[in-house]
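What follows is a set of notes on a single structure, which appears directly below.
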């Protein structure tokens, strides 16, 4: 296995100093690359604007501007990923260690199981599970990733870290934790300048990072299909993973965030309508309204028939996005610049069955969710067959799919960021120690509270299999809930 060009080494060594110098050189060279990119982009914008004005096509201007913005930041992100991420090194984390009898369907070869609370031996006083967000309080320099020096942590990360610290499995003492989560914002929500370089350098300065970041868990909300910096042996919980970079059974694919209220409440009016009538007729069969940022999205424009297949650019038509979500059987969720689309979470919030197009996408929580039981996954080569595929489903099949989707939405999506964090921790516990056979009703206590006796610290197996009729009854019961 080839050694990565820039492997993770502890700070202070001569090898680390040499690697740091190389990385600074790369960072400086690619700053110049970004300048050149933006000059080309500016010329292209001018050309698009002049051409659009002459032709009277305003759509060309908006599309050109969006494309060029993505060109500048996108090129930089790909460059950093190429320079930093040691795929050959990270690939070691996909080896299964079957010698550990208590590890079920999991990957632990990149974890130090000798750390406290990393084993379930009954005679071990430290058996169980703990994780820690460290260092705490958060160091101020952890926010030095902005173009102008200091940049506040993103709201997404603030919400994530607040929920993590509320977990009953969290401890304030990192020396008594199996898994470790850096407290500074490393999520790349706001990718800017040399942020990947700064984040990677900061990770290696953590007192417990060691050589490769064993037992660390990182988060990312950026929609590129890979991490833009060297993550070493850390577990990465990320939105929008691509299959080529994802380490199955080790990394975690997170769901795209739901819009905040009142936007989410407006989308959920769709579920209210389906709860009243699961066999209702909708105005549209398949809809999409958004930007055509990828060749797949550009190809779906040929489906538009001005009747029940409605595919338009976000600035092209006066029909509201909300109406298209609430009045359709299926919502197209094609990949964009990344491997996923925020439209997936929005479609599920509205009760529109998602049609997923993205060959290399890792779907959220694949360990827990049977996506093909309620969503339609279409290979990119068959994208033009989508209308025929959508028309092939019987009313009974649509009813069953929608009831299953509602169950998944309530379990994993409706709770927003809090639910995402809770499921991530549950999944990590299950991978380490296996799953209990039955739910523990008193499993969750308060933050930093000792877990209950017995096997209450084991997450139970989810999702539990329920009949379609039971799931449909739960959906129909929604109509009786007070609003």
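Derivation of every value follows stated rules applied to the coordinates shown; laboratory data play no part. Owing to the predicted nature of the structure, the values given are computational and were not obtained by experimental measurement. Counting neighbours? That spans all protein chains shown, and the Cβs are built from the backbone with ideal geometry, glycine included.
For the residues 217, 377, what sequence is obtained by ranking on other C-beta atoms within 10 Å, fewest first?
Least crowded to most crowded, the residues run 377, 217.
Length gain on complete extension for the stretch residue 481 to residue 283, per 0.36 nm per residue less the alpha carbon to alpha carbon distance? Kindly include the intermediate steps, with their values, before the conclusion.
Working: separation 198, 0.36 × 198 = 71.28 nm, distance 2.60 nm.
Roughly 68.7 nm would be gained on extension.
Suppose R0 equals 22 Å. What FRET efficiency, 1/(1 + (r/R0)^6) with r the Cβ-Cβ distance, do residue 175 and residue 201 give to the nearest 0.05?
Once rounded, the FRET efficiency stands at 0.40.
Return 221, 295, 381, 404 ranked ascending by Cβ neighbour count within 10 Å, so the fewest neighbours appear first.
Numbers: 221 19, 295 11, 381 8, 404 22.
Ascending Cβ contact count within 10 Å gives the list 381, 295, 221, 404.
Contour minus end-to-end for residue 154 and residue 391, with contour as 0.36 nm per residue of separation and end-to-end as the Cα-Cα distance?
81.1 nm
List the relative contact order of the stretch 263-411 as a percent without decimals, with contacts defined as Cα pairs under 8 Å and 6+ residues apart.
This gives 25 percent for the stretch 263-411.
Using 0.36 nm per residue of separation minus the Cα-Cα distance, give me the extension gain between residue 112 and residue 165 in nm, one decimal.
So the extension gain works out to 16.8 nm.
In the stretch 365-400, whose amide N lies under 17 Å from the spot 7 Å out along Cα-to-Cβ of residue 414? List them in ranges.
Those under the cut-off are none; the list is empty.
Provide the three semi-axes, in whole Å and in decreasing order, of the ellipsoid equivalent to the stretch 263-411 as defined by the square roots of 5 times the Cα gyration tensor eigenvalues.
Computed over the stretch 263-411, the values are 21, 18, 15 Å.
Using 1/(1 + (r/R0)^6) with R0 = 25 angstrom and r between the beta carbons of residue 321 and residue 468, what's the FRET efficiency to the nearest 0.05?
Computed FRET efficiency for residue 321 and residue 468: 0.25.
Taking every Cα atom in the stretch 150-267, find the radius of gyration and the maximum pairwise distance Dmax, and write them in Å.
Answer for the stretch 150-267, Rg first and Dmax second: 14.9, 48 Å.
For the residues 296, 46, 465, 353, what sequence is obtained by ranking on other C-beta atoms within 10 Å, fewest first? Provide the component values of the computation, followed by the final result.
Numbers: 296 17, 46 11, 465 7, 353 21.
Sorted ascending by nearby Cβ count, the order is 465, 46, 296, 353.
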